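A short worksheet on the structure shown next.
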Amino acid sequence: MTRIPTTPAPAPKRWTLGETPWQSPRSARPPAARVIIDNDFAGDPDDLYQLVHHLLTPSVEIRAVIGSRLREGDGFYPHGDSATQAAAIARDVLDRMGLDAPGLVVEGSNTPLAERTEPQSSPALDVILEEALREDTDLPLFYVAGGGLTDIASALIAEPRIAERMTLVWIGGNEHEGLATPPPGGMQIEYNLLIDVLAGQVVFTDSTVEIWQVPRDVYRQCLVSDAELRTRVAATGTVGRYLYDETVAVAEAVTEHGSLHPGTYALGDSPLVLLTALRSFFEPDSSSSRHVVMPTPVLEADGTYTARPDARPMRVFTQVDTRLMFEDMYLTLRELDTWLSAP
């Protein structure tokens, strides 16, 4: 199915990043981290939930939103300009939210890496390098990726120094032996990794960037029921209705192709919000979720891992706090829509 952004009716009110006009001034605090969002918004609409939720969470400062590519021939959007399309969808979402943020959304590369030593140029590449090399802030920088890794890999190739200046939180990659097994009928190479395997190899094997990985077995934990989406997303107002309608369109398309719909949907990109914007108050960390620390393995071309005992450590999450993650999303959606609809 091809998702094309429509022209929404202008939101009745406008706001800017750094504002949360629907919240009490007493709850306002300075952001605790910077975030660059990178997602394939032309694909599975779970990334739209992540985008809206992240933008509504004042504990982080969103520095850029990168529309990144899908793999060639992807069923969601099979054309060769999927990064361009992703950026257009992200801008459409911001407009529906009433968010004025000129220049926040940038386009990633429409082309995967051709080799592990040559970056792909794009507007996103320049933005990543500029933000990562800033000297005027001590706020930690999270690069959160819910799709392929073409753009962050290109930046790491272009300027390896940025590896020491950020943490990559990635939704993707196969299961790790001893921690989980692949799902029945699962793809041999996990969906997000398959978008650009060479980019994954750059990030894991060639770079020194710190990785927090949410592999396939963990993002598949992020299930919500259709009843939740109807009553706690769609019922909140225009933004929630849009998110729900996008999800229903996918479910209907899948059903038309003969697959059964089990009554749930995986909002698998939402841990990007949980692990960066919903950290613990004291000694800030992703304390409500569970992870193991291991040496970063070599990532092979077939998606498997080869142990490298002397490599830099990485986090591999084994469980995410879905209660905190989804309750916060439902309530912030309701706050936004209540404010937008108030006289």
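The values are calculated or read from the model by the stated rules, or taken from the named source; none is laboratory data. This is a predicted model, so every value here is computed, not measured. Neighbour counts run over all protein chains shown; Cβ positions are idealised from the backbone, glycine included. Note: accessible area is taken over every heavy atom of the protein model, side chains too, but ligands, DNA and RNA are not part of it. Shrake-Rupley method; radii C 1.70, N 1.55, O 1.52, S 1.80 Å.
May I ask you to derive the FRET efficiency for THR304 and ARG29 from their Cβ-Cβ distance with R0 = 45 Å, giving the value to the nearest 0.05? Mind showing how you got there, number by number?
Working: r = 43 Å, r/R0 = 0.95.
So the FRET efficiency works out to roughly 0.55.
In whole percent, how big is the carbon plus sulfur part of the accessible area of segment 142-246, probe 1.4 Å, protein atoms only?
On the way: 1880 of 3700 Å².
With neighbouring chains kept in place, the figure for segment 142-246 is 51 percent.
Can you send over the solvent-accessible area of GLU164, 1.4 Å probe, protein chains only, in Å² to the nearest 10?
Per-residue accessible area (GLU164): approximately 130 Å².
Please work out the average accessible area per residue across segment 1-146, using the 1.4 Å probe convention, and give it in Å². Don't skip to the end; give the middle numbers.
Details: 6060 Å² over 146 residues.
About 42 Å² of surface per residue is accessible.
Take GLU118 and THR208, extend 7 Å from each Cα along the Cα→Cβ direction, and tell me the distance between the two endpoints in nm.
Reported label-point gap for GLU118 and THR208 is 2.7 nm.
Of TRP22, TRP212, TRP170, which is the most mobile in a GNM of the chain whose springs link Cα atoms less than 10 angstrom apart?
Top of the fluctuation ranking is TRP22.
Which whole-angstrom value gives the distance between the alpha carbon centres of segment 105-153 and segment 283-343?
A separation of 19 Å, based on Cα centres.
How big is the Cα convex hull of the chain in projection, averaged over all directions, in nm²?
Working: hull surface 67.3 nm².
Computed as one quarter of the Cα hull surface, the answer is 16.8 nm².
How many nm separate the modelled label positions at ARG14 and GLN188, each set 7 Å beyond the Cα in the direction of the Cβ?
The modelled label-to-label distance comes out at 5.2 nm.
Highest first, please rank the peptides 308-318, 137-147 by the mean number of other Cβ atoms sitting within 10 Å of their residues.
Details: 308-318: 15.3, 137-147: 21.1.
For the peptides 308-318, 137-147, the packing ranking is 137-147, 308-318.
Would you mind checking which residues have amide H under 5 Å from PHE41's amide H? H placed 1.01 Å from N; only 5 or more apart, or other chain.
SER68
Taking R0 as 56 Å, what FRET efficiency do you get between ASP138 and GLU252 from their Cβ-Cβ distance, rounded to the nearest 0.05? Could the numbers behind the result be given before it?
Values: r = 48 Å, r/R0 = 0.85.
Efficiency at R0 = 56 Å is approximately 0.70.
Starting from 0.36 nm per residue, how many nanometres of slack lie between ARG230 and ASP81 once their C-alpha separation is accounted for?
50.4 nm
Could you sort SER288, SER154 by accessible area so the largest value comes first, with the probe set to 1.4 Å? Working shown, then result.
Values: SER288 50, SER154 0 Å².
These residues rank, largest area first, as SER288, SER154.
Can you pull the accessible area of SER341 for me, 1.4 Å probe, Å² to the nearest 10?
90 Å²
Ordered by residue, what ³J(HN,Hα) values in Hz, to whole numbers, does segment 214-231 give under the Karplus form 6.51 cos²θ - 1.76 cosθ + 1.60, where θ = phi - 60° and Gly and Pro are x?
Each residue's phi maps through the Karplus curve to give 10, x, 4, 5, 8, 5, 6, 6, 8, 8, 10, 8, 4, 4, 4, 5, 5, 8 Hz.
Quick one: accessible area per residue over segment 274-315, 1.4 Å probe, rounded to a whole number of Å²?
Details: 2360 Å² over 42 residues.
Value for segment 274-315: 56 Å² per residue.
If I model a spin label as a point 7 Å beyond the Cα along the Cα-Cβ vector, how far apart are those points for PHE282 and LEU324 in nm?
A separation of 1.4 nm, rounded to one decimal place.
Compute the distance from the alpha-carbon center of segment 167-230 to that of segment 48-99, in whole Å.
Value for the Cα centre distance between the two parts: 19 Å.
If packing is taken as the average count of other Cβ atoms within 10 Å, what order do 329-337, 265-273, 73-81 fall into, highest mean first? Let's see the in-between values first.
Values: 329-337: 20.3, 265-273: 26.1, 73-81: 15.2.
Highest to lowest by the protection proxy: 265-273, 329-337, 73-81.
Leaving out ligands, DNA and RNA but keeping every protein chain, what accessible area does VAL224 have, in Å² rounded to the nearest 10, with a 1.4 Å probe?
Here the residue's solvent-accessible area equals roughly 0 Å².
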